[in-house]
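The values are calculated or read from the model by the stated rules, or taken from the named source; none is laboratory data. From a predicted model like this one, the values you see are computed outputs, not experimental measurements. Cβ sites come from the backbone with ideal geometry, for glycine too, and all protein chains shown count toward neighbours. These area figures cover heavy atoms from the full protein model, side chains too; ligands, DNA and RNA do not enter into them. Shrake-Rupley method; radii C 1.70, N 1.55, O 1.52, S 1.80 Å.
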Amino acid sequence: DGGITQSPKYLFRKEGQNVTLSCEQNLNHDAMYWYRQDPGQGLRLIYYSQIVNDFQKGDIAEGYSVSREKKESFPLTVTSAQKNPTAFYLCASSPDGAKNIQYFGAGTRLSVL
Amino acid sequence: AQSVTQPDIHITVSEGASLELRCNYSYGATPYLFWYVQSPGQGLQLLLKYFSGDTLVQGIKGFEAEFKRSQSSFNLRKPSVHWSDAAEYFCAVGSLSGNTPLVFGKGTRLSVIA
């Protein structure tokens, strides 16, 4: 089945630890996005990538890093510099020329131990 | 810069009643407009979209939305709400310039009571 797969569904981070959230899509979409969701805050953009080997910071990039080595993969690393990482993280993708329509994965919930 | 305002944080309606969720946007031209729905602990699902043309657009699950340029609004409506419609709803605006990220409102949580 085509779609966007985020893993794991639940993730726990210890103090000072880096963790990586996986996002894979088999839709052949060019653009991929990471959002953070907190209660009452809506979706806030962390990073996005419109093409392989290129990405841009969003509104809340501090404490996060990404890579885009393959078209189908856009992993997000939550570094130890992110002091409040507990949130729901959503990955999305969009095909070129799609007038911004974004398709979302099921999300990863990250908590701090 | 683009922005989206959803004035209602939480709305409660009775099952079978009509629903209207408000969305106002700020953008220099006619934008692309979207409504998404999110069930608890899930990703977002596209309900409907507006690009151009007819200002009343139909979506999935019996939802519709009307684009009003004069009011910079894109309100979501449903004539008769079902208990399964309880979820969070997000309005979003996109740029005409291509695959740039959507800007989302903060969402409206819909509760449905019997």
### Task
Could you tell me which residue of segment A:17-52 is nearest to the other protein chains (Cβ to nearest Cβ), considering only residues that are assigned to a strand (DSSP E or B), open to solvent by 50 Å² or more (accessible area, probe 1.4 Å) and in contact (Cβ under 8 Å) with a residue 40 or more places away in the chain?
A:Glu24
### Message
Name the residue that is nearest to A:Pro8 (Cα to Cα), counting only residues in segment B:38-52 that are among the hydrophobic types (A, V, I, L, M, F, W, C) and at pLDDT 95 or above.
### Response
B:Leu44
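Quick check on segment B:15-45: of everything there that is open to solvent by 40 Å² or more (accessible area, probe 1.4 Å) and either on the phi > 0 side of the Ramachandran plot or assigned to a strand (DSSP E or B) (or both), which residue is nearest to the other protein chains (Cβ to nearest Cβ)? It would help to see each step written out before you state the result.
First, the residues of segment B:15-45 that are open to solvent by 40 Å² or more (accessible area, probe 1.4 Å): B:15-16, B:18, B:20, B:22, B:24, B:26-29, B:39-40, B:42, B:45.
Filter once more, keeping what is either on the phi > 0 side of the Ramachandran plot or assigned to a strand (DSSP E or B) (or both): B:16, B:20, B:24, B:26, B:45.
Values: B:Gly16: 28, B:Glu20: 20, B:Asn24: 14, B:Ser26: 15, B:Gln45: 7 Å.
Filtering first and then ranking leaves B:Gln45.
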### Yes/no for B:Leu33 being touching a Leu at 6+ places or on another chain (Cβ under 7 Å) and either under 13 Å from B:Lys106 (Cβ atoms) or in contact (Cβ under 8 Å) with a residue 40 or more places away in the chain (or both)
no
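How many residues are open to solvent by 40 Å² or more (accessible area, probe 1.4 Å) and either more than 8 Å from chain B (Cβ to nearest Cβ) or assigned to a loop (DSSP other than H, G, I, E, B) (or both) when one looks only at segment A:82-105? Give the derivation first.
Initial filter on segment A:82-105 (open to solvent by 40 Å² or more (accessible area, probe 1.4 Å)): A:83-84, A:86, A:96-97, A:99, A:103.
Okay, now just the ones that are also either more than 8 Å from chain B (Cβ to nearest Cβ) or assigned to a loop (DSSP other than H, G, I, E, B) (or both), so A:83-84, A:86, A:96-97, A:99.
Number satisfying all stated conditions: 6.
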## Note on the structure
By residue number, the members of segment A:53-81 that are free of Cβ contacts under 8 Å to residues at least 24 places away in the same chain and loosely packed, with under 15 Cβ neighbours inside 10 Å are A:Asn53, A:Asp54, A:Gln56, A:Lys57, A:Asp59, A:Glu62, A:Glu69, A:Lys70, A:Ala81
